[in-house]
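Scroll down for the structure; my scribbles are underneath it.
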Amino acid sequence: IRAQGKIYRDKDEKPVRMLGTILDITEFKRLQQQKDDFISVASHELKTPMTSVKASIQILDKLIKSGTQPDKISTFIDKANSSLNKMQHLVESLLNVSRISAGQLELSKSRFNVAEMVNESCDYVRLAGDHQVIIKGDKELEIVADKQKIEQILVNLVNNAVKYAPNSKDIIIEFTKRKTTVKITVQDFGEGIPYDKIPHLFERYYRVDSSGVQYSGLGLGLYISAEIVERHGGKIGVNSDTGRGSTFWFTLPLGD
Ligand code: ADP
C-alpha cells in the first residue's frame, strides 16, 4: 500500500482537513513480478536453441575445414535448421502476443489446400523418440483463411502433442468438412489434462503444474491459437482424459 497526503491547518496550526490518496499496489507488484518471471523464462527458452545452433556451426566449421564429405555434415545442418525453426516460432509467438495486446492481430486471408497446409506445418515440428504423425482428411479440401496463422496453431498443437506425450507413438491430425466449417483435430495418447484445469488452458501464461516433470514452454501457444481461431470466427476446445491423452480441436469457416 502506498499513501500520499497533505494536511491543511488553521492559523493556530490545528489540523482541519486532510487530503490524500491511498494506492493499493499489490496487483501492480504481482503484474511486475509476472513480467519479470516471463522475461527470465523467455530468455532461457531462446538461449537453449541458440546455444545448439552455435554448437552445430562450430562442428560444421571443423568438419568443412577437415574436408569431410558433404553427406556427413548434413545432420548438423538439419540440427541447426530445426533449432532456428524453434527460435523463429518463439519470436513469432512473442510478436503475436504484443499484436493481440495492441488489438493489431491482422488476418491476411487466401484460399489454400488444407492437406498441404497440414503437411507444411509438420515440417516445422521436430519429432522426438518414436513419434509419428498420421494425417487423415480429404486431400482436395480448400478453405479461405490466414494460412500462416493456421499453420502456427497446428505447430503449437503438434509441438504440445510431442512434448506432453513423450512415451507414446501416434499423433493423429484429422480434418473434416462440415456444412459451412472445417474441423481440425490433433490427438495424442499422452498424460492428458486434469478436468479442473481445462477451463484455464487458453488463458495467457497458463501452464498446468505437472507433478515433478519440468516441461519447457511459456504458456502462450494455446492462448495465441484461441485468439487466431476467434478472429476467424471459429471455435477451439479440447477433450481430454487423464492417463489416456488429449484431442485438441478447432473449427474454421470454409470462407468464400
Ligand atoms: P506451453 O506448452 O508453452 O506451456 P501452451 O499454451 O501451449 O503452453 O499450453 C498450456 C498448458 O496446457 C501446458 O503448459 C500444458 O500443461 C497443457 N497442455 C497443452 N497441450 C497439452 C497436451 N497435448 N497434453 C497435456 N497437456 C497439455
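The values are calculated or read from the model by the stated rules, or taken from the named source; none is laboratory data. As the structure is a prediction and not an experimental result, all values here were calculated from the model. Virtual Cβ from ideal backbone geometry, glycine too; neighbours counted across all protein chains shown. In case anyone asks, the SASA skips ligands and DNA or RNA and just uses the protein heavy atoms, side chains included. Shrake-Rupley method; radii C 1.70, N 1.55, O 1.52, S 1.80 Å.
Quick one: which residue in Arg9, Arg2 is over 30 Å from Gln88 (Cβ atoms) and surrounded by 10 or more Cβ atoms within 10 Å (Cβ to Cβ)? Among Arg9, Arg2, only Arg9 is over 30 Å from Gln88 (Cβ atoms) and surrounded by 10 or more Cβ atoms within 10 Å (Cβ to Cβ). If you go through the stretch 35-86 and keep only what is under 30 Å from Ile1 (Cβ atoms) and open to solvent by less than 70 Å² (accessible area, probe 1.4 Å), you end up with Phe38, Val41. Give me the pairs: first residue in the stretch 1-22 and touching a residue at least 12 places away in the same chain (Cβ under 8 Å), second residue of a type in the set (Asp, Glu) and open to solvent by 80 Å² or more (accessible area, probe 1.4 Å), beta-carbon distance under 6 Å, and six or more apart or on different chains, which are they? Pairs found: Ile1/Asp24.
Of all residues assigned to the stretch 58-71, none qualifies as being within 16 Å of the ligand (Cβ to nearest atom) and part of a loop (DSSP other than H, G, I, E, B). Contact map, the stretch 193-208: first residue open to solvent by 70 Å² or more (accessible area, probe 1.4 Å) and of a type outside the set (A, V, I, L, M), second residue near the ligand (Cβ under 7 Å from one of its atoms) and not in a loop (DSSP other than H, G, I, E, B), Cβ cut-off under 6 Å, separation 6 or more or different chains; pairs are Arg204/Tyr223. Selection of the stretch 211-239 for residues being within 7 Å of the ligand (Cβ to nearest atom) and touching a residue at least 40 places away in the same chain (Cβ under 8 Å) yields Tyr215, Gly217, Leu218, Leu220, Gly221, Leu222, Tyr223.
Annotation: of all residues in the stretch 145-191 being more than 10 Å from the ligand (Cβ to nearest atom) and of a type in the set (Lys, Arg), the one that is surrounded by the fewest Cβ atoms within 10 Å (Cβ to Cβ) is Lys179.
Every condition in (1) open to solvent by less than 50 Å² (accessible area, probe 1.4 Å); (2) under 18 Å from Ile236 (Cβ atoms); (3) away from the ligand (no atom under 16 Å from the Cβ); (4) not in a strand (DSSP E or B) is met by Ser121 except one, and the failing one is (3). A single member of Thr180, Thr185 is in contact (Cβ under 8 Å) with a residue 60 or more places away in the chain, touching a Ser or Thr at 6+ places or on another chain (Cβ under 7 Å) and either under 14 Å from Leu252 (Cα atoms) or of a type in the set (Gly, Ala, Ser) (or both), and it is Thr185.
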